[in-house]
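Input: a single structure, listed below in structure tokens.
The values are calculated or read from the model by the stated rules, or taken from the named source; none is laboratory data. All figures in this text were calculated on a predicted structure; none of them were measured in a lab. Because the Cβ atoms are built from the backbone with ideal geometry, glycine has one as well, and the counts that use them run over all protein chains shown. Only protein heavy atoms, including side chains, enter the accessible area calculation; ligands, DNA and RNA are left aside. Shrake-Rupley method; radii C 1.70, N 1.55, O 1.52, S 1.80 Å.
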Amino acid sequence: MRQWVRALTLVLATAAVGTMVAARKPGSAVKPGFNLFSKQQDVQLGKESAAQIRQQVHVVENRELQDYIARIGRKLAAQPEADGQSFEYSFTLVTDKSINAFALPGGPAFVHTGLLSAADNEGQLAGVVGHEIAHVAMRHGTNQASKANLLQLPAALASGVLGGGGGLIGQLAQLGIGLGANSILLKYSRDAESDADALGARIMSAAGYNPIEMARFFEKLEAEGGQRGPQFLSDHPNPGNRVKAVEQEIPFFPRRAYDAEHSAEFTRMKALVAKLPAARALPASRNAPQGGAIDPPSRSARTYRARTYEIAYPENWRAIEGNEESVTIGPKQGIIGSQSGQEQVGYGAILSYYTPQSQRDLPGATNELIRNLRSTNANMVVASQSQRRVRVGGANALVTNLASGSPFGGKEKDVLVTVSRPQGLFYMILVAPERDFAALEGVFNQMLQSIRFQ
Ligand SMILES: [Zn+2]
């Protein structure tokens, strides 16, 4: 598929970015916020999401290391503040050099080997795990989804989706809530961060770890990370003065002496991690297109920022900027011939704006765009008359399935997603040979869900 570049009159929106950190008195209780989900739905969402994540990561195949992480996790999750009776905590170490860890709603937590390597002692590792447990216990992920003002969410949650066909995760995906990079479920506000620091510190202390190690580790990451800090810090933004804030909590915890730093065992685990084999390629049928036409997309993400939108995409893909807010994003083998504006995209995504000539409403403008696309690509057809409505970047979007010929041979599936914006009709075309589309669907969904308009 060619890249279509349309002229666009830019209306620069000025966004006032302000972060208000609510003042919580040290020592006072940390309370969960507004939530439309039941705790049981948190657990269900976490289970479904974990099943998906497990297909995208390399779970470390080393019993000793997994036991070690699970032991630390269980010790923390056993504290009353973790509410282990409501949630189902699990702790999994995955082979990934990036410094990251994340916990899904309801309890499944994943720790990257890079995080273990970066920690100076077990207290720091436990600090990250305790902090993640606090997010789960405070239900920050589903709290944020609840606050996103999605009109259909209460109905979706009330309609007995528990045990439904597509599962809760499918229902939420329809509303634009997913697990991708920048997912609303995993990217926390500064308020949530200071609450997770405070509760995480309390949990650590109760489990015998010096809570200050958590704050120290976060500040160390910040100091080392420079401008491009690890993903962890963009998901868990610094609420400011972390060490001091945790120090102020400590006098309110029951007095106790903290255990030694378990340094012998920790050092041994770090050595084990260093000796782990490099991550094997994931099963081809799951996340790599057949025949190895392209490399499997990496799970860690980078963000492309245009003036009017941003989108996250797999770290090992590249973004080729076009004219006026257009970009082509895909695996390097998926984009052929890169004289500017003339790329053939066989695998990847094209993002741009179209200026409708006569139609202003979303379906009308979308049809006009499709006619336009077809006039430059004679092979393109509308594959299915039925269009779906989804949410993208907090706005209504229309999904249309198109088809054309693939530069890689055979049929190509082109999924067109359109959104009415002040600047024109924003569109994204997700492209892959028909035979490989399903393998990339997860990545495409994550990209869609990561879109933020300015
Ligand atoms: Zn956090």
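The rows are residues; the columns are (1) touching a Lys or Arg at 6+ places or on another chain (Cβ under 8 Å); (2) among the basic types (Lys, Arg).
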| residue | (1), (2) |
| --- | --- |
| 45 | no, no |
| 51 | no, no |
| 55 | yes, no |
| 61 | no, no |
| 71 | no, yes |
| 75 | no, yes |
| 80 | no, no |
| 91 | yes, no |
| 94 | no, no |
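The single condition from (1) surrounded by fewer than 18 Cβ atoms within 10 Å (Cβ to Cβ); (2) in contact with a helix residue (DSSP H, G or I) (Cβ under 8 Å, 6 or more places away or on another chain) that residue 442 fails is (1).
Taking the range 265-282 as the range and being open to solvent by 80 Å² or more (accessible area, probe 1.4 Å) and either part of a helix (DSSP H, G or I) or under 25 Å from residue 194 (Cα atoms) (or both) as the test, the residues that pass are 267, 268, 274.
Scanning the range 187-226 for residues that are closer than 24 Å to residue 113 by Cβ, away from the ligand (no atom under 11 Å from the Cβ) and open to solvent by 30 Å² or more (accessible area, probe 1.4 Å) yields a total of 8. Of the residues 121, 143, 100, the single one that is open to solvent by 10 Å² or more (accessible area, probe 1.4 Å) and away from the ligand (no atom under 16 Å from the Cβ) is 121. Which of the residues that make up the range 402-438 are open to solvent by 20 Å² or more (accessible area, probe 1.4 Å) and under 25 Å from the mean Cα position of the chain (by Cα)? Answer for the range 402-438, where residues must be open to solvent by 20 Å² or more (accessible area, probe 1.4 Å) and under 25 Å from the mean Cα position of the chain (by Cα): 413, 420, 421, 438.
When each of 136, 128, 57 is tested for being of a type in the set (Val, Ile, Thr), surrounded by fewer than 23 Cβ atoms within 10 Å (Cβ to Cβ) and not in a strand (DSSP E or B), the lone residue that passes is 57. Of the residues making up the range 60-80, those that are open to solvent by 30 Å² or more (accessible area, probe 1.4 Å) and either basic (Lys, Arg) or under 30 Å from residue 156 (Cβ atoms) (or both) number 4.
Of the residues in the range 115-123, at least one is more than 15 Å from residue 274 (Cα to Cα) and in a helix (DSSP H, G or I). When each of 364, 348 is tested for being within 24 Å of the chain's Cα centre (by Cα) and at pLDDT 85 or above, the lone residue that passes is 348.
Residues being of a type in the set (Val, Ile, Thr) and under 26 Å from residue 316 (Cα atoms) are represented in the range 423-436 by at least one member.
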